[in-house]
1. Looking only at residues that are polar (S, T, N, Q) and over 11 Å from the mean Cα position of the chain (by Cα) in segment 45-97, which one is nearest to A27 (Cα to Cα)?
2. Quick check on Y52: is it modelled with pLDDT of 95 or more, open to solvent by less than 70 Å² (accessible area, probe 1.4 Å) and over 22 Å from T40 (Cβ atoms)?
3. Restricting attention to segment 23-43, and to residues there that are of a type in the set (D, E, K, R) and open to solvent by 70 Å² or more (accessible area, probe 1.4 Å), which single residue is farthest from the chain's Cα centre (by Cα)?
4. Report, ordered by the first and then the second residue, all pairs with beta carbons closer than 7 Å, sequence separation of six or more or different chains, a first member in segment 1-24 that is of a type in the set (V, I, T), and a second member that is assigned to a helix (DSSP H, G or I).
5. When you scan segment 11-22, how many residues do you find that are of a type in the set (A, V, I, L, M), surrounded by 10 or more Cβ atoms within 10 Å (Cβ to Cβ) and either touching a Pro at 6+ places or on another chain (Cβ under 8 Å) or not in a helix (DSSP H, G or I) (or both)?
6. Regarding E64, is this residue acidic (D, E) and open to solvent by 60 Å² or more (accessible area, probe 1.4 Å)?
Amino acid sequence: MGIQRIDRSMWITICAAISANLLGKRAEIELVSPAEGLLTEALQQPVLGIIYDPANDVLTILLEGIDHFIFQPKEMYLDFSLGGDVSLGILDKANAWQIVLLRDPIMLPRAAALA
């Protein structure tokens, strides 16, 4: 599909559509900042939803046990992979990229029963 820039008028709709299909997904959030470099904010956390609140200009990633806030986001990009993974790229007010990777958990094969 390729990376698509999402118009701000569609952010609420896109967040709702992504949230409706999050069952079982895990989130990895990385922050790429000109000042701080690459930081990992969350690693394989169960994700519950994504909400954009235009009144307060806040994008919230709802994770199990913690919420991740992106204040005054300037741009949003979306990419779907063939395997069902979803990537969001959000440029925040400090010109840092917040990359949200939504993936299915890695399913390991069942161990053979011991005889």
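The values are calculated or read from the model by the stated rules, or taken from the named source; none is laboratory data. From a predicted model like this one, the values you see are computed outputs, not experimental measurements. With ideal geometry, Cβ positions are generated from the backbone for all residues, glycine too; neighbour counts draw on all protein chains shown. All accessible areas refer to the heavy atoms of the entire protein, side chains included, with ligands and DNA or RNA removed. Shrake-Rupley method; radii C 1.70, N 1.55, O 1.52, S 1.80 Å.
1. S81
2. Working: modelled with pLDDT of 95 or more: yes; open to solvent by less than 70 Å² (accessible area, probe 1.4 Å): yes; over 22 Å from T40 (Cβ atoms): yes.
Yes: the conditions hold for Y52.
3. Here is the first cut: in segment 23-43, the residues of a type in the set (D, E, K, R) are 25-26, 28, 30, 36, 41.
Filter once more, keeping what is open to solvent by 70 Å² or more (accessible area, probe 1.4 Å): 26, 36, 41.
Working: R26: 9, E36: 20, E41: 11 Å.
Looking at residues that are of a type in the set (D, E, K, R) and open to solvent by 70 Å² or more (accessible area, probe 1.4 Å), I get E36.
4. Cβ pairs passing all conditions: I6/I14.
5. Our first condition is that a residue be of a type in the set (A, V, I, L, M); within segment 11-22, this holds for 12, 14, 16-18, 20, 22.
Right, trim to surrounded by 10 or more Cβ atoms within 10 Å (Cβ to Cβ) and you get 12, 14, 16-18, 22.
From what is left, the residues that are either touching a Pro at 6+ places or on another chain (Cβ under 8 Å) or not in a helix (DSSP H, G or I) (or both) are 12, 22.
Matching residues across segment 11-22 total 2.
6. Working: acidic (D, E): yes; open to solvent by 60 Å² or more (accessible area, probe 1.4 Å): yes.
For E64, the condition - acidic (D, E) and open to solvent by 60 Å² or more (accessible area, probe 1.4 Å) - is met.
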